[in-house]
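Chemist: One structure coming up, written as structure tokens, with questions to follow.
The values are calculated or read from the model by the stated rules, or taken from the named source; none is laboratory data. This structure is a prediction, so every number in the text was calculated from the model and none was measured. Neighbour counts are summed over all protein chains in view; Cβ atoms, including those assigned to glycine, are modelled from backbone coordinates with ideal geometry. Each accessible area value is taken on the protein alone, full model and side chains, heavy atoms only, with ligands, DNA and RNA left out. Shrake-Rupley method; radii C 1.70, N 1.55, O 1.52, S 1.80 Å.
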Amino acid sequence: MSDFLSALLDDLPHLCSGLWVTVQATVLGAALALVLSFVLGLMSVSRLLVPRGVSRVVVEFFRGTSLYIQLFWLYYAMPPLTGYELTPLLCGVVAFGLNYGAYGAEVVRGAINSVPRAQFEAAVALNMTPSQRMWRVILPQAWVQMIPSFTNLLIQLLKCTPLLWLISAADLMTVVQQLRDRTGETLTAYLTLLVAYFVLAYALTLLMNMLERGAKRRLGLSSGTDSPPRGGGPGPAIPSASGIPSASGVVSASGGAR
């Protein structure tokens, strides 16, 4: 164990470099996944058949194929086919973004569909355009429900970054593996990795919890287990056409605010 710790301290700059690659892959992959989640998720709730069909095909393909195979295909199979070669880090970012973006699209779709129908009707009664209804009424409520699922996907993405070792990316896994090969300290090396990934995952969890509390405060919800109401009950106040919130979150069947 002392040999491994000594080698770890001697190779600290290399270790920090590997940690930085892991952080980059996680953050950039999550950013791409978030964008794809909303694009594909919004397409899946469109009234038009073509966007819904395209979204369904893309989501099912990337959910139904292995991330391991997607990573290998991008790194080994795509260059001979297209003539373009991605760096190991960029290859990982693209693979993570596509795979987890497909899962995230279902999170977005489910959260939008869970917003009470009364909220849609109230927004229509206020003469909002479809884009105004989505961005000012529906998404703020759906976003609160998306965050816990997005947190789980983010942690899963982080835990998949050791796959970069398979395509020669100099991430945290690669650096520690090289130290293990030099020192022969298998137990200490993998214990170090366990601790490192736990610390990273816990830090991401704390950040996402802060984001969730902020989103709930903006909707006037407590930071506990409350969530936007389901069914036909009143929800958060909906802004009127003039930008001033109405006194009630729903509209009755006769068109009057309740």
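Chemist: Give, as ranges by residue number, the residues of region 138-154 whose backbone N falls under 20 Å from the point 7 Å along Cα→Cβ of LEU207.
Modeler: From region 138-154, the list is 143-154.
Chemist: How about region 17-123: which chymotrypsin sites (Phe, Trp or Tyr not before Pro) there lie in a loop by DSSP and see at most 11 other Cβ atoms within 10 Å? Let's see the in-between values first.
Modeler: Details: sites: TRP20, PHE38, PHE61, PHE62, TYR68, PHE72, TRP73, TYR75, TYR76, TYR84, PHE96, TYR100, TYR103, PHE120; in loops: TYR84.
Those that pass, being in a loop and sparsely packed, are TYR84.
Chemist: What residue among TYR84, GLN119, PHE96 has its Cα farthest toward the positive end of the dipole of region 39-141, where the charges are +1 on Lys, Arg and -1 on Asp, Glu, each on the Cβ?
Modeler: Comparing the listed Cα positions along the dipole, GLN119 ranks first.
Chemist: Go through ASP3, ASP11 and list them by solvent-accessible area, largest first, probe radius 1.4 Å. Don't skip to the answer; put the middle values down first.
Modeler: On the way: ASP3 100, ASP11 35 Å².
Heavy-atom accessible area, descending, gives ASP3, ASP11.
Chemist: Moving on to the next point. If the label point is 7 Å along Cα→Cβ of LEU187, which residues in region 1-45 have backbone nitrogen under 12 Å from it?
Modeler: Within reach of a label on LEU187, which here means backbone N under 12 Å from a point 7 Å along Cα→Cβ, region 1-45 contributes 1-2.
Chemist: OK, next. What spacing in nm lies between the two simple spin-label points modelled at VAL124 and TRP20, each 7 Å away from Cα in the Cβ direction?
Modeler: Going by the 7 Å Cα→Cβ label model, 5.4 nm.
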